[in-house]
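A.B. asks: Quick one: the structure is below, and I'll ask about it shortly.
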Amino acid sequence: MDAATWGLIIATFVACFVEMVEATTIVMAMGYTRSWKSALVGTLAALGALAVVTLFAGYALATWLPESALQLAIGGLLLIFGLQWLRKAILRSSGRKAVHDEAAIYKEEVAAAKAAGQSTGSIDMFSFMVSFKGVFLEGMEVVFIVITFGLNADNIPGASAGALAAVVIVLIIAIALRRPLSMINENLLKYGVGLLLASFGTYWAVEGIGIFQSGRESLDWPGHDLAIIGLLLAWLVLSRIFVAVLKTPAAPVAPVNVPVEVKK
């Protein structure tokens, strides 16, 4: 495999790894607290729905849009997603937003599961629905990442391989540890994913502007794919500037009033 293929696999792997950690936390909370059978059935149902969405969305995008329009549409969406992730990462790094805590989220899900009434059927609908919703919502971002990266790189199998590797590795770690993957620095990963999405989104969106020209051909960046590295560095520097500007200052220490003895 060439460097471009490896870059595609690594980008989709990192992005999908973050989403799978969050989905796994929800499923584990339902499984350990209520019913593994219902949680796994909900997970499989969500995966089936995601497969259908992937098939139709990928076919529609690849068939109905010309290359430059596809780059503009997908690049714009990636840029929107990337900037949302970067915004949250900047706020967390500057101390203006709480750091994402997977262990705390697990405790909240467990508390909600215990508070829900007991199910009388063979399938615990609470576990099923919570697992289905969690996997489907997190999985939709995985589907979006795989389709956008795969179509623009003209390598859906490579993007799918990166996503599949992320799913398998997260499951192996979760099964081995039997607890939430809170030891993983998810906030740092999300920061990195935000930089990747913003960089690729900028690259493809600018290329897609060529749809408005007479020939409707994609624009070319200086240096071609190497421009992505420059965009990545630019977004990194810009984000660190925002972190420095927004950094929460330390709370001022209140002066201690020491009584002064007055001599008579």
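A.B. asks: Just to be sure, is residue 69 among the small types (Gly, Ala, Ser), at negative phi, open to solvent by 40 Å² or more (accessible area, probe 1.4 Å) and in a helix (DSSP H, G or I)?
C.D. replies: No: the conditions fail for residue 69.
A.B. asks: Only one of 92, 87, 96 is of a type in the set (D, E, K, R) and either surrounded by fewer than 14 Cβ atoms within 10 Å (Cβ to Cβ) or not in a helix (DSSP H, G or I) (or both). Can you tell me which? It would help to see each step written out before you state the result.
C.D. replies: Numbers: 92 fails: either surrounded by fewer than 14 Cβ atoms within 10 Å (Cβ to Cβ) or not in a helix (DSSP H, G or I) (or both); 87 fails: either surrounded by fewer than 14 Cβ atoms within 10 Å (Cβ to Cβ) or not in a helix (DSSP H, G or I) (or both).
Exactly one residue qualifies, and that residue is 96.
A.B. asks: When residues of the stretch 149-158 are filtered for being open to solvent by less than 50 Å² (accessible area, probe 1.4 Å) and more than 21 Å from residue 206 (Cβ to Cβ), how many remain?
C.D. replies: Count: 1.
A.B. asks: Select from the stretch 14-44 the residues that are under 21 Å from the mean Cα position of the chain (by Cα), touching a residue at least 24 places away in the same chain (Cβ under 8 Å) and surrounded by fewer than 19 Cβ atoms within 10 Å (Cβ to Cβ) and list them in ascending order.
C.D. replies: 14
A.B. asks: Provide a single number: the residues in the stretch 32-81 that are in contact with a Lys or Arg (Cβ under 9 Å, 6 or more places away or on another chain) and closer than 30 Å to residue 126 by Cβ.
C.D. replies: 5
A.B. asks: Something else now. Conditions: (1) modelled with pLDDT under 85; (2) within 30 Å of residue 188 (Cβ to Cβ). Residue 27 meets all but one. Number of the miss?
C.D. replies: Status for residue 27: all satisfied but (1).
The values are calculated or read from the model by the stated rules, or taken from the named source; none is laboratory data. Note that the structure is a prediction, hence the values are computed from the model and not measured. FYI the Cβ positions are ideal-geometry reconstructions off the backbone, even for glycines, and counts take in every protein chain you see. For the accessible areas, the whole protein counts, side chains as well, though only heavy atoms, and no ligand, DNA or RNA atoms are used. Shrake-Rupley method; radii C 1.70, N 1.55, O 1.52, S 1.80 Å.
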